[in-house]
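> Handing you this structure, nothing more for now.
Derivation of every value follows stated rules applied to the coordinates shown; laboratory data play no part. Keep in mind that this is a model prediction, so the values were computed, not measured. With ideal geometry, Cβ positions are generated from the backbone for all residues, glycine too; neighbour counts draw on all protein chains shown.
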Amino acid sequence: MEIRDMESKDYPEIDRLMKELHELHVQGRPDLYTELEHPYSQEEFEKIVNDPETIAIVSQEEGKVIGLCIGTLRKKSGMVEMRTLYMDDLVVDRDYRGKGIASQLYREMEERGRKAGAKRLDLMVWEFNEKARRFYENQGMRRQRYIYEKEL
C-alpha cells in the first residue's frame, strides 16, 4: 500500500468513496443529509486537488484507490493566530477497513500538516458516528467543544 497526493485522474474513485461516506451521513442524519449522485462535483474536486491550502491524499493498493483524506489549512479568526489543519474527510473503502489504512492516512495528514506549519489538527464528527469518535480518540485527539441543536 502507498500513500500519495490526490490527482485529477482519481475523480471516479474519490467519487465512489465519497458516496460511501455521504451515505453514512444520510443514514445517520436523514433530517439533514439528502441523497447525492456526486458528493463533490468534478469542478469542486478539481479545486480541492489544485488548492495549495488543501492537503489531499489517497491510499492506493495495486493501482486501486482504497482510501482518502482531505484537509484544509486555515487560520482561526478572532482567536490566537495559529495555522490549523482542518480535516474535512477521511474514508476507507468498506472492503479494506480494519487493516490500519485509516490510521496511516491520519498519521500522514498529521505529518503533512506539521510540515505546512500547522500547530493543531481539528475536525468534526457527528454524535451518531461512534466508530469515528473512537478512532480519533485512539489517535490521541480529545473533545474540544459541544455543539447543541433543537428542532423547532
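> If I ask for residues that are of a type outside the set (A, V, I, L, M, F, W, C) and either within 23 Å of T84 (Cβ to Cβ) or not in a helix (DSSP H, G or I) (or both), which ones from region 6-24 would you list? It would help to see each step written out before you state the result.
First, pick out the residues of region 6-24 that are of a type outside the set (A, V, I, L, M, F, W, C): 7-13, 15-16, 19-20, 22-23.
Matches in region 6-24: E7 only.
> Any residue at all in region 137-145 that is closer than 24 Å to L32 by Cα, touching a helix residue (DSSP H, G or I) at 6+ places or on another chain (Cβ under 7 Å) and surrounded by fewer than 15 Cβ atoms within 10 Å (Cβ to Cβ)?
Restricting attention to region 137-145, the residues satisfying the condition of being closer than 24 Å to L32 by Cα are 143-145.
From what's left, touching a helix residue (DSSP H, G or I) at 6+ places or on another chain (Cβ under 7 Å): none.
So far as region 137-145 goes, no, none of its residues is closer than 24 Å to L32 by Cα, touching a helix residue (DSSP H, G or I) at 6+ places or on another chain (Cβ under 7 Å) and surrounded by fewer than 15 Cβ atoms within 10 Å (Cβ to Cβ).
> Within region 87-98, is there a residue that is surrounded by fewer than 16 Cβ atoms within 10 Å (Cβ to Cβ) and touching a residue at least 60 places away in the same chain (Cβ under 8 Å)?
Taking region 87-98 and keeping what is surrounded by fewer than 16 Cβ atoms within 10 Å (Cβ to Cβ), we get 88, 94-95, 97-98.
Going one step further and asking which of them are touching a residue at least 60 places away in the same chain (Cβ under 8 Å), we end up with 94.
Yes, some residue in region 87-98 is surrounded by fewer than 16 Cβ atoms within 10 Å (Cβ to Cβ) and touching a residue at least 60 places away in the same chain (Cβ under 8 Å).
> Pull up region 53-86, narrow it to residues that are without any contact (Cβ under 8 Å) to a residue 40 or more places away in the chain and of a type in the set (A, V, I, L, M, F, W, C), then point me to the one that is nearest to M1 (Cα to Cα). Before you say what the answer is, go through the steps one by one.
Within region 53-86, the first condition is being without any contact (Cβ under 8 Å) to a residue 40 or more places away in the chain, and the residues that meet it are 53-54, 62-63, 72, 74-86.
Checking which are of a type in the set (A, V, I, L, M, F, W, C) leaves us with 79-80, 82, 85.
Values: M79: 39, V80: 38, M82: 33, L85: 24 Å.
Residue satisfying both the conditions and the ranking: L85.
> Separate question: It is to be established whether one or more residues within region 18-31 are under 17 Å from the mean Cα position of the chain (by Cα), surrounded by 13 or more Cβ atoms within 10 Å (Cβ to Cβ) and under 21 Å from R107 (Cβ atoms).
Checked against the condition, which is being under 17 Å from the mean Cα position of the chain (by Cα), surrounded by 13 or more Cβ atoms within 10 Å (Cβ to Cβ) and under 21 Å from R107 (Cβ atoms), region 18-31 yields at least one hit.
> Looking only at region 71-96, which residues are among the acidic types (D, E) and either touching a helix residue (DSSP H, G or I) at 6+ places or on another chain (Cβ under 8 Å) or within 17 Å of V125 (Cα to Cα) (or both)? Working first, answer last.
Going residue by residue through region 71-96, those that are among the acidic types (D, E) are 81, 88-89, 93, 95.
Once the filter is applied, which keeps residues that are among the acidic types (D, E) and either touching a helix residue (DSSP H, G or I) at 6+ places or on another chain (Cβ under 8 Å) or within 17 Å of V125 (Cα to Cα) (or both), region 71-96 yields D88, D89, D93.
> Same structure again: Filter region 102-135 for residues that are crowded, with 18+ Cβ neighbours inside 10 Å, free of Cβ contacts under 8 Å to residues at least 40 places away in the same chain and over 13 Å from the mean Cα position of the chain (by Cα) and give the result.
Within region 102-135, none qualify.
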